[in-house]
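Notes follow the structure.
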Ligand code: GUN
């Protein structure tokens, strides 16, 4: 792959080997393998795919995985009881509740019910507060994966102007916090754009590093990108494509064909940010298991 393309799949594979080695060492020392659980409510196709990928990746590195499936019409109480059960299960080191949840369930209440020590998504307000303060915690998987991707692709972040598109709790907001923190491979100046931002292209054109997490297919066009910018595409969209065996292809929030001609480095979709998100979750699970060992 050319130097321009940030190969998330290859970087994720390297990190997986590092994790597998650590897990093997734990097992050699008669310590049980880390255990990651996922809770999934309903049958949203994308969520099913994400959870299946997380299970597959866990198995690859020797992490035990389990999935709790609840029907789309389950009550909030049933979900909270499931969370209480997992919180109290000493076998499980970390778990996630796959989002989005059905509309009748209050996601905030659900996230707050997760034991912060097992919150490997890093979504609990306690862990978000610790992240904000720069204290040790679980970092949300996608922003954590992107930080790792930048570091391992030798992208200097310090003093750079990073423009983040999208202010979601899962990606954009924590991304802006991690990049602007006073820390190694951070110290960037961050502009966080959202649906009320005036003249987004005028801002993106100033970006040394552009992170697109806006959830709109091919939103970032070539004329919105500065020559030589580093472009990170967090989006993932299915586009009908009769010529593909699956009947669709995947695309991101960036018009890859055109933008890749201007960017100095760019992540593809698929094979960019996606594999890094999963690997970050595995890293957090390993961390959760190790904390119990101390
Ligand atoms: N839905 C989309 N991304 C994520 C994620 O990182 N964690 C969870 N729990 N749900 C998601």
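The set of residues in the range 112-140 being crowded, with 22+ Cβ neighbours inside 10 Å and under 28 Å from residue 73 (Cα atoms) consists of 114, 118, 119, 120, 121, 122, 123, 140.
Within the range 2-19, is there a residue that is surrounded by fewer than 16 Cβ atoms within 10 Å (Cβ to Cβ) and modelled with pLDDT under 95? Yes, some residue in the range 2-19 is surrounded by fewer than 16 Cβ atoms within 10 Å (Cβ to Cβ) and modelled with pLDDT under 95. Taking the conditions (1) surrounded by fewer than 16 Cβ atoms within 10 Å (Cβ to Cβ); (2) outside any strand (DSSP E or B); (3) within 16 Å of the ligand (Cβ to nearest atom) in turn, residue 238 satisfies each one other than (2).
Going through (1) farther than 26 Å from residue 148 by Cβ; (2) surrounded by 13 or more Cβ atoms within 10 Å (Cβ to Cβ); (3) under 19 Å from the mean Cα position of the chain (by Cα) one by one, residue 98 falls short only on (1).
Could you tell me whether any residue of the range 212-219 is part of a loop (DSSP other than H, G, I, E, B), surrounded by fewer than 16 Cβ atoms within 10 Å (Cβ to Cβ) and at pLDDT below 95? Checking the range 212-219: not a single residue is part of a loop (DSSP other than H, G, I, E, B), surrounded by fewer than 16 Cβ atoms within 10 Å (Cβ to Cβ) and at pLDDT below 95. In the range 34-43, the condition of being part of a strand (DSSP E or B), more than 19 Å from residue 141 (Cα to Cα), within 16 Å of the ligand (Cβ to nearest atom) and modelled with pLDDT of 95 or more is met by at least one residue.
Based on this model, can you work out whether residue 176 counts as under 19 Å from residue 277 (Cβ atoms) and surrounded by fewer than 20 Cβ atoms within 10 Å (Cβ to Cβ)? It is false that residue 176 is under 19 Å from residue 277 (Cβ atoms) and surrounded by fewer than 20 Cβ atoms within 10 Å (Cβ to Cβ).
Meeting the requirement of 1 or more residues that are away from the ligand (no atom under 16 Å from the Cβ) and farther than 14 Å from residue 230 by Cα, the helices (runs of 4 or more DSSP H) wholly within the range 125-185 are 125-133, 172-180. Got at least one residue in the range 255-272 being assigned to a helix (DSSP H, G or I), within 13 Å of the chain's Cα centre (by Cα) and within 16 Å of the ligand (Cβ to nearest atom)? Scanning the range 255-272 turns up no residue that is assigned to a helix (DSSP H, G or I), within 13 Å of the chain's Cα centre (by Cα) and within 16 Å of the ligand (Cβ to nearest atom).
The values are calculated or read from the model by the stated rules, or taken from the named source; none is laboratory data. Computed from a predicted structure; not experimentally measured. Counting neighbours? That spans all protein chains shown, and the Cβs are built from the backbone with ideal geometry, glycine included.
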